[in-house]
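K.L.:
Before anything else, here's the structure in question.
The values are calculated or read from the model by the stated rules, or taken from the named source; none is laboratory data. Remember, predicted model here, so these are calculated numbers, not experimental data. Note that each Cβ is placed from the backbone with ideal geometry, even for glycine, and that neighbours are counted across all protein chains shown. Heavy atoms of the whole protein, side chains included, go into the accessibility calculation; ligands, DNA and RNA do not. Shrake-Rupley method; radii C 1.70, N 1.55, O 1.52, S 1.80 Å.
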Amino acid sequence: MLSKLLGAVGVLLLLTGLFLAIRPLAVDNVSCGSVYSPDKGVTPMQCDDRLDQRMTLVGGLAGGGIVLAAAGFGYAAVRERRTRVES
């Protein structure tokens, strides 16, 4: 049960990070683009700060999601091995 919960939360964090990475961002009615595809050309300085903040958030969510999903899979593998060895 714990491994499924960790895996589900990890996948949810990864999907949330992906959604925020592709979602476009606007500052003062000026399109800044998204983390994966910033608008081409010169953008206002406010875009740089907002895109950097969004990149940090996306990196944290994706990193946390990967760690939680790996912990869930690792816990399931250890638990399965223990039941196999004891049998």
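K.L.:
Given the options VAL67, VAL27, name the one that is among the β-branched types (Val, Ile, Thr) and at pLDDT 90 or above.
P.N.:
Sole residue among the options that is among the β-branched types (Val, Ile, Thr) and at pLDDT 90 or above: VAL67.
K.L.:
Oh, and also: If you take the residues of region 13-29 that are touching a residue at least 12 places away in the same chain (Cβ under 8 Å) and over 8 Å from the mean Cα position of the chain (by Cα), which of them is farthest from ALA69 (Cα to Cα)?
P.N.:
Checked region 13-29; the qualifying residue farthest from ALA69 (Cα to Cα) is ASP28.
K.L.:
Taking SER3 as the residue in question, decide whether it is part of a helix (DSSP H, G or I), open to solvent by less than 100 Å² (accessible area, probe 1.4 Å) and modelled with pLDDT under 90. Don't jump to the end; show me each part of the working.
P.N.:
On the way: part of a helix (DSSP H, G or I): yes; open to solvent by less than 100 Å² (accessible area, probe 1.4 Å): yes; modelled with pLDDT under 90: yes.
In short, yes.
K.L.:
Residues of region 30-83 being open to solvent by 90 Å² or more (accessible area, probe 1.4 Å), more than 13 Å from the chain's Cα centre (by Cα) and under 18 Å from ALA8 (Cα atoms), which ones?
P.N.:
Matches in region 30-83: PHE73, TYR75, ARG79.
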